[in-house]
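Asks: Please read through the structure below; I'll follow up with questions.
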Amino acid sequence: MKIYGVLLLGMAGALAGCKSVAAPKPLDQLNAQEMQGHAVFQAQCARCHNDRKDAALNGPALIGIYKKPYLHSGAPANDERVTSTVLHGHGLMPAMGNTIDQQQMDDLLAYLHTL
């Protein structure tokens, strides 16, 4: 009976650990491109998405976006799908293609990889 309880506690701890996300790279350690991406995020994304904490705003939190196999939409968490979502929108997220250029997109992706 005691072993069963220990096993249950171990499984519960393992399952709880699956939801935790590693901390993002500290802002003072970002390189120049990542800092530019942070600026793009603040200007274009921060009104709807949290980046450095795991709490939704109008859209899902983006902390750990590349540390999970899938985006909130179910699409693979890779640069191609993230770029498509940003440029063309998805669900309630508006398309940002007319407000962001290629360099800003590259910088934003670099920053999102630090989360």
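Asks: Among the residues of region 83-115, count how many are surrounded by fewer than 18 Cβ atoms within 10 Å (Cβ to Cβ) and polar (S, T, N, Q).
Replies: 6
Asks: Looking only at region 69-82, count every residue that is open to solvent by 30 Å² or more (accessible area, probe 1.4 Å) and in contact (Cβ under 8 Å) with a residue 24 or more places away in the chain and tell me the total.
Replies: Qualifying residue count, region 69-82: 1.
Asks: Identify all residues within region 22-67 that are in a loop (DSSP other than H, G, I, E, B), in contact (Cβ under 8 Å) with a residue 40 or more places away in the chain and under 26 Å from Pro94 (Cβ atoms); write none if there are none.
Replies: If the condition is that a residue be in a loop (DSSP other than H, G, I, E, B), in contact (Cβ under 8 Å) with a residue 40 or more places away in the chain and under 26 Å from Pro94 (Cβ atoms), then Pro24, Cys45, Cys48, Asp51, Arg52, Leu62, Ile63, Gly64, Ile65, Tyr66, Lys67 are the ones that fit.
Asks: Something else: Considering only residues that are among the hydrophobic types (A, V, I, L, M, F, W, C) and either touching a residue at least 60 places away in the same chain (Cβ under 8 Å) or in a helix (DSSP H, G or I) (or both), which ones fall in region 83-107?
Replies: Correct list: Val86, Leu87, Ile100, Met105.
Asks: What is the residue count in region 15-45 for residues that are surrounded by 11 or more Cβ atoms within 10 Å (Cβ to Cβ) and at pLDDT below 95? Spell out how you get there, then give the answer.
Replies: So in region 15-45, the residues surrounded by 11 or more Cβ atoms within 10 Å (Cβ to Cβ) come out as 21, 24-25, 27, 30-31, 33-45.
Going one step further and asking which of them are at pLDDT below 95, we end up with 21.
Adding up the residues that qualify gives 1.
The values are calculated or read from the model by the stated rules, or taken from the named source; none is laboratory data. Bear in mind that the values here come from a model prediction, so they are computed numbers and not experimental data. Counting neighbours? That spans all protein chains shown, and the Cβs are built from the backbone with ideal geometry, glycine included. Surface areas here come from the heavy atoms of the whole protein model, side chains and all, with no ligands, DNA or RNA. Shrake-Rupley method; radii C 1.70, N 1.55, O 1.52, S 1.80 Å.
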